[in-house]
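Participant: Dropping a structure here in structure tokens format, bear with me for questions.
The values are calculated or read from the model by the stated rules, or taken from the named source; none is laboratory data. Not measured: the values here are computed from a predicted model. No Cβ is skipped: glycine too gets one built from the backbone with ideal geometry, and neighbour counts run over all protein chains shown.
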Amino acid sequence: MLERGYHDLGGRPAGEIDRHGHEYAEWERRVDALAVLLWGLKGGPRVITVDEHRKNIEALPPEDYDKLAYYEKWIVSLTQCLLQRGVVTTGELARKMLEVQSRG
Amino acid sequence: MSDTGTYRPLSYFQLMEVTLRELLVEKGLVTEEEIAAEVEAMRNRGYERGSRVVARAWVDPEYKKRLLADGTKACEELGLEIPGLRLLVVENTPEVHNAIVCTLCSCYPRMLLGIPPDWYKSRNYRSRMVREPRAVLAEFGLHVSENVTIRVHDSTADMRYMVLPMRPAGADGWSEERLASIVSRDSMIGVAVPKGPND
């Protein structure tokens, strides 16, 4: 039998709902925008699908699923989707990340 | 693009965002202008589109019929595009109160209500809403009578729900615009009801 995924929360015991929201940071908004564009919802090519994105979030290890903030999960998943599609490579990511960091 | 405020080193995830964005721009898959435009569009997209749809349904019974039959098409009538998704509008009545959730992730009628509030995406809401909705709604300050059935709709990536709340008493003769002004985001999620002049 298929084991129930960690993300499958319906009906599990849980506590009081914190109704305080937070104002989204600009980088969080950009992650959202990037996703919408990559899904091809704004007229451009569909580089990845919503389903791949969801699958990669669901595939996060439980400790990350709990620890990561919403858009932190999204950026991890989008990166994963693009690696799986071969749109970017780990080498390119590493190079670019060093370049960004070196700007200080 | 720079965030305002005092300088702080980028978090690992912010660094990932800059990295991925710049790589995709280099590859010509997206442009900085497209991203900036989408961020702006998102900032300006609140729940008012949803309120407009509800107000139209309140004043036009024929529109309401079409909205309940095919939410996607009825929104298109008002110039609201819902690309690739099935929108199901569920109607509150004196007997049934509806509410929406996404137990698996965070699916939400974004094209009508904007980006979902943090609590909608929270573990506690997603876990409990399907098991003890009456208690959850009470936490939101909404006490649903025991004689009213509560129906909770679990959204998926391809199928989104929106609640059509009941028009409050005492709002007869109000213009569509005035009616739209009392339709809150939470009333279209189903964790609140619109307040009329008598409430």
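Participant: Given the residues B:V25, B:V30, which is the only one that is closer than 14 Å to A:L38 by Cα, surrounded by 14 or more Cβ atoms within 10 Å (Cβ to Cβ), more than 7 Å from chain A (Cβ to nearest Cβ) and modelled with pLDDT of 90 or more?
Facilitator: Of the residues listed, the single one that is closer than 14 Å to A:L38 by Cα, surrounded by 14 or more Cβ atoms within 10 Å (Cβ to Cβ), more than 7 Å from chain A (Cβ to nearest Cβ) and modelled with pLDDT of 90 or more is B:V25.
Participant: Can I ask one more? Which number in (1) more than 19 Å from B:M111 (Cβ to Cβ); (2) at pLDDT 95 or above marks the one condition that A:D66 misses?
Facilitator: A:D66 satisfies all of (1) more than 19 Å from B:M111 (Cβ to Cβ); (2) at pLDDT 95 or above except (2).
Participant: Could you grab the pairs with beta carbons closer than 8 Å, sequence gap of 6+ or different chains, first residue in the range B:53-74 and at positive phi, second one modelled with pLDDT under 95 and part of a helix (DSSP H, G or I)?
Facilitator: none
Participant: Out of everything in the range B:139-167 that is in contact with a Gly (Cβ under 9 Å, 6 or more places away or on another chain) and in a loop (DSSP other than H, G, I, E, B), what residue ends up being surrounded by the most Cβ atoms within 10 Å (Cβ to Cβ)?
Facilitator: Filtering first and then ranking leaves B:P165.
Conditions tested, residue by residue: (1) buried (at least 16 other Cβ atoms within 10 Å of the Cβ); (2) basic (K, R); (3) assigned to a strand (DSSP E or B).
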position: B:N124; (1), (2), (3): yes, no, no
position: B:R131; (1), (2), (3): no, yes, no
position: B:L137; (1), (2), (3): yes, no, no
position: B:A169; (1), (2), (3): no, no, no
position: B:G173; (1), (2), (3): no, no, no
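Participant: A further question on this structure: Mind listing whichever residues of the range A:27-40 are within 7 Å of chain B (Cβ to nearest Cβ) and either among the aromatic types (F, W, Y) or surrounded by fewer than 17 Cβ atoms within 10 Å (Cβ to Cβ) (or both)?
Facilitator: Within the range A:27-40, just A:W27 meets the criteria.
Participant: Of the conditions (1) assigned to a loop (DSSP other than H, G, I, E, B); (2) at the interface with chain B (Cβ under 7 Å from one of its Cβ atoms); (3) surrounded by 15 or more Cβ atoms within 10 Å (Cβ to Cβ), A:H22 satisfies every one except a single condition; which number is it?
Facilitator: (3)
Participant: Among B:R56, B:R49, B:R66, B:R43, which is within 21 Å of A:E26 (Cβ to Cβ), among the basic types (K, R) and either surrounded by 14 or more Cβ atoms within 10 Å (Cβ to Cβ) or at the interface with another protein chain (Cβ under 10 Å from one of its Cβ atoms) (or both)?
Facilitator: B:R43
Participant: Please determine, by comparing only the residues of the range A:54-93 that are farther than 20 Å from B:R126 by Cβ and within 8 Å of chain B (Cβ to nearest Cβ), which one is farthest from the chain's Cα centre (by Cα).
Facilitator: A:E92
Participant: Let me ask you something else. Does the range B:90-109 contain at least one residue that is more than 20 Å from A:E58 (Cβ to Cβ), in a helix (DSSP H, G or I) and at pLDDT below 95?
Facilitator: no
Participant: Quick check on this structure: which one of B:L29, B:L68, B:L24 is within 30 Å of A:L68 (Cβ to Cβ) and assigned to a helix (DSSP H, G or I)?
Facilitator: The unique qualifying residue is B:L24.
Participant: Among the residues of the range B:120-135 satisfying the criterion of being within 7 Å of another protein chain (Cβ to nearest Cβ) and not polar (S, T, N, Q), which is nearest to A:Y65 (Cα to Cα)?
Facilitator: B:R123
A quick yes/no check of all residues on (1) out of contact with any strand residue (DSSP E or B) (no Cβ under 7 Å at 6 or more places or on another chain); (2) small (G, A, S); (3) within 14 Å of B:G50 (Cβ to Cβ):
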residue	(1), (2), (3)
B:R128	yes, no, no
B:L142	yes, no, no
B:N147	yes, no, no
B:M162	no, no, yes
B:I182	yes, no, yes
B:D199	yes, no, no
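Participant: Separate question: Answer with yes or no whether B:T93 is facing another protein chain (nearest Cβ under 9 Å) and polar (S, T, N, Q).
Facilitator: no
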